[in-house]
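Only one structure is covered here, and it is reproduced in the block below.
The values are calculated or read from the model by the stated rules, or taken from the named source; none is laboratory data. Just so we're clear, the structure is a prediction, and the values are computed from it rather than from any experiment. Here the Cβ positions follow ideal geometry from the backbone for every residue, glycine too, while neighbour counts run over all protein chains shown. Keep in mind that these areas ignore ligands, DNA and RNA; they rest on the heavy atoms of the full protein, side chains included. Shrake-Rupley method; radii C 1.70, N 1.55, O 1.52, S 1.80 Å.
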Amino acid sequence: MNIGITVYPTYGGSGIVGSGLGKELAERGHTVHFIASSLPTRLTKLNERVRFHEVEMMSYPLFEHQPYTLALATKMATVAETENLDLLHVHYAIPHSISAILARESLKPNRRLPVITTLHGTDITLVGADRSYLPITRYGIAQSDGVTAISNYLKQVTIETFQFDRIEVIPNFICPTDYRRHPVPELRTQLAPDGAPVMVHVSNFRPVKRPVDCVEILSRVLQRGIKARLVMVGDGSERVNAEHRARCLNIYDRCAFVGKQPNIADYLSIADVLLLPSEQESFGLAALEAMACEVPVVASRVGGVPEVVTDGETGYLSEVGDVEKMGEMAAHLLADEELRREMGRLARESAVSRYNTDLIIPQYIKFYERILSQ
Ligand code: GMT
């Protein structure tokens with residue numbers, strides 16, 4: 001198949017999932033055309049089967065805001081024609097579904113171009129449910145030829161918010177060879193020279209991820225006499241607040257804010273616990289990546305997280321903002337190496353047996369074939 005994929009290139013898990021899907025499809029003999037405003041962050045290798053088409057924006061003094069949705073629609077239609085695309089698969093509904101629908105309609109009746117939308121989370125739970133965006137999001141979903149959601153939770157929320165239920169759940173996936181625990185002794189020595197246990201948080205540091213809670217959790221762990229360290233991977237608006245809180249609590253020297261990093265699996269390989277105290281999480285890709293690297297997860301019991309992390313088996317779940325309980329659970333894990341290893345082993349087993357690329361990618365391919373045959 002010749003597949004057009006659109007993602008947000010720089011930010012968040014939906015871009016990572018869309019890029020990973022493209023890479024995996026190419027490895028299975030399909031040709032993937034990424035259509036985006038810039039090269040997706042995790043898409044490092046382009047080749048004959050993985051191509052990139054940049055959306056060019058025309059600036060004109062009359063435009064107060066550049067009409068990205070239209071520029072994207074135009075590029076989608078052009079690429080569909082020149083590259084003979086079979087379908088467009090967009091990740092994140094807003095505005096990608098609308099652009100894809102415009103592209104599809106603009107090519108009618110000369111070319112059939114089915115549109116598949118994958119819902120990732122805040123496109124439904126936050127942005128899509130905002131009254132001002134609700135009607136257009138509903139339209140984008142309803143007009144798509146196929147819709148998938150990355151968790152049962154997100155499917156349910158979409159049904160409740162939009163009274164739309166033609167949704168196939170295809171969960172996120174993990175490549176078990178890219179994400180596996182491996183020795184990274186220099187990094188461990190650099191981040192924990194005293195040999196202390198390490199808690200890692202990986203996110204885009206938006207308010208919804210509650211990174212400040214990680215600092216609060218560290219302080220509770222330290223209060224329990226465990227000389228842990230906290231490694232904060234990523235960047236975003238809440239980083240300054242997290243750093244400020246660490247300074248206020250006098251524990252900044254136990255934290256390392258390392259910013260965005262290309263090799264997340266290295267950081268997860270030196271981690272003893274992953275912290276994911278999010279306000280909302282439709283899936284929790286960071287939890288899955290950590291589990292694949294044998295890291296138990298301390299997270300909030302929200303959204304799709306309980307589908308990924310089994311409480312008491314592959315991690316511990318607490319209510320949003322309950323940093324006392326999260327601190328207690330993290331300390332419990334850090335104090336007991338045997339327990340940590342056993343939960344880590346179960347975490348990897350669970351990640352690989354349920355979310356392996358070899359299980360999930362064929363589900364997308366089958367879904368494409370079904371939509372194309374309609
Ligand atoms: O968080 C977002 O605003 C959107 C999106 C993203 O691009 O990171 O995140 C969602 O998609 C991820 C990949 O499918 C999921 O792992 C995240 O749980 C989900 N985020 C939320 O629901 C907050």
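Answer yes or no: is there a residue in segment 253-263 that is buried (at least 24 other Cβ atoms within 10 Å of the Cβ) and at pLDDT 95 or above.
To start, the set of residues in segment 253-263 that are buried (at least 24 other Cβ atoms within 10 Å of the Cβ) comprises none.
Checked segment 253-263: no residue is buried (at least 24 other Cβ atoms within 10 Å of the Cβ) and at pLDDT 95 or above.
Any residue that is more than 16 Å from the ligand (Cβ to nearest atom), modelled with pLDDT of 95 or more and touching a Gly at 6+ places or on another chain (Cβ under 6 Å) - is there at least one of those in segment 193-200? The answer is no; no qualifying residue exists.
Considering only segment 210-221, I want to know if a residue exists there that is assigned to a helix (DSSP H, G or I), acidic (Asp, Glu) and touching a residue at least 24 places away in the same chain (Cβ under 8 Å). It would help to see each step written out before you state the result.
So the first thing to find is which residues in segment 210-221 are assigned to a helix (DSSP H, G or I), and the list is 211-221.
Still in the list and also acidic (Asp, Glu): 213, 216.
If we keep only those that are touching a residue at least 24 places away in the same chain (Cβ under 8 Å) too, we end up with 213, 216.
Yes, there is a match, as at least one residue in segment 210-221 is assigned to a helix (DSSP H, G or I), acidic (Asp, Glu) and touching a residue at least 24 places away in the same chain (Cβ under 8 Å).
Every residue, every condition in (1) of a type in the set (Phe, Trp, Tyr); (2) farther than 20 Å from Ser14 by Cα; (3) within 16 Å of the ligand (Cβ to nearest atom), yes or no:
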residue	(1), (2), (3)
Leu249	no, yes, no
Arg254	no, yes, no
Phe257	yes, yes, no
Ala265	no, no, no
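Among the residues of segment 275-287, is any out of contact with any Phe, Trp or Tyr (no Cβ under 8 Å at 6 or more places or on another chain) and away from the ligand (no atom under 13 Å from the Cβ)? Looking through segment 275-287, at least one residue is out of contact with any Phe, Trp or Tyr (no Cβ under 8 Å at 6 or more places or on another chain) and away from the ligand (no atom under 13 Å from the Cβ).
For segment 50-85, what are the residues that are in a helix (DSSP H, G or I) and open to solvent by 80 Å² or more (accessible area, probe 1.4 Å)? Outline the logic, then answer.
Taking segment 50-85 first, the residues in a helix (DSSP H, G or I) are 68-82.
Passing the criteria: Leu70, Thr74, Glu81, Thr82.
Applying the condition of being open to solvent by 10 Å² or more (accessible area, probe 1.4 Å), under 11 Å from the mean Cα position of the chain (by Cα) and farther than 17 Å from Leu72 by Cβ to segment 3-24 and asking which residue is farthest from the ligand (Cβ to nearest atom) yields Gly20.
Regarding segment 86-109, can at least one residue be identified that is in contact (Cβ under 8 Å) with a residue 60 or more places away in the chain, open to solvent by 10 Å² or more (accessible area, probe 1.4 Å) and either in the same structural domain as Glu279 (by TED's automatic domain parsing) or aliphatic (A, V, I, L, M) (or both)? If you could, list the steps in order and put the result at the bottom.
Narrowing segment 86-109 to residues in contact (Cβ under 8 Å) with a residue 60 or more places away in the chain: 86-92, 96, 99-100.
Of the ones still in play, those that are also open to solvent by 10 Å² or more (accessible area, probe 1.4 Å) are 86, 92.
Still in the list and also either in the same structural domain as Glu279 (by TED's automatic domain parsing) or aliphatic (A, V, I, L, M) (or both): none.
No: zero hits.
Do the conditions hold for Leu274, that is, is it touching a His at 6+ places or on another chain (Cβ under 8 Å), closer than 30 Å to Val169 by Cβ and not β-branched (Val, Ile, Thr)? So Leu274 passes the test. Figure legend. Inter-residue proximity from segment 269-282: first residues under 19 Å from Leu126 (Cα atoms), second residues away from the ligand (no atom under 16 Å from the Cβ) and in a loop (DSSP other than H, G, I, E, B), beta-carbon distance below 9 Å, spacing 6+ or different chains. Indicated pairs: Pro277/Asp322.
With within 15 Å of the chain's Cα centre (by Cα) and either open to solvent by less than 20 Å² (accessible area, probe 1.4 Å) or modelled with pLDDT under 95 (or both) as the only criterion, which of Gly315, Gly284 stands out? Steps first, answer last, please.
Numbers: Gly315 fails: within 15 Å of the chain's Cα centre (by Cα).
After ruling out the rest, the residue left standing is Gly284.
Can you find, within segment 166-192, the residue that is farthest from Glu328 (Cα to Cα) among those that are within 16 Å of the ligand (Cβ to nearest atom) and open to solvent by less than 20 Å² (accessible area, probe 1.4 Å)? It comes out as Ile167.
For segment 291-321, the tally of residues that are farther than 18 Å from His120 by Cα and not polar (S, T, N, Q) stands at 18.
Being under 16 Å from the mean Cα position of the chain (by Cα) and surrounded by 22 or more Cβ atoms within 10 Å (Cβ to Cβ): is that true of Val309 here? Yes, satisfied.
The C-beta contact set for segment 161-183 (first residue closer than 30 Å to Ile136 by Cα and aliphatic (A, V, I, L, M), second residue open to solvent by 60 Å² or more (accessible area, probe 1.4 Å) and not in a loop (DSSP other than H, G, I, E, B), distance under 9 angstrom, 6+ apart or interchain) comprises Val169/Asn152; Ile170/Gln363.
Does any residue of segment 25-36 turn out to be assigned to a loop (DSSP other than H, G, I, E, B), within 16 Å of the ligand (Cβ to nearest atom), open to solvent by less than 10 Å² (accessible area, probe 1.4 Å) and touching a Gly at 6+ places or on another chain (Cβ under 7 Å)? Talk me through it step by step, then tell me what you get.
Initial filter on segment 25-36 (assigned to a loop (DSSP other than H, G, I, E, B)): 28-30.
Checking the rest, the ones that are also within 16 Å of the ligand (Cβ to nearest atom) come to none.
Checked against the condition, which is being assigned to a loop (DSSP other than H, G, I, E, B), within 16 Å of the ligand (Cβ to nearest atom), open to solvent by less than 10 Å² (accessible area, probe 1.4 Å) and touching a Gly at 6+ places or on another chain (Cβ under 7 Å), segment 25-36 yields no hits at all.
Only one of the listed residues (Val298, Val323) is modelled with pLDDT of 95 or more, closer than 28 Å to Asp178 by Cβ and not acidic (Asp, Glu). That residue is Val298.
Summed over segment 111-129, the residues that are among the hydroxyl-bearing types (Ser, Thr, Tyr), within 11 Å of the ligand (Cβ to nearest atom) and under 12 Å from Ser14 (Cβ atoms) give a count of 2.
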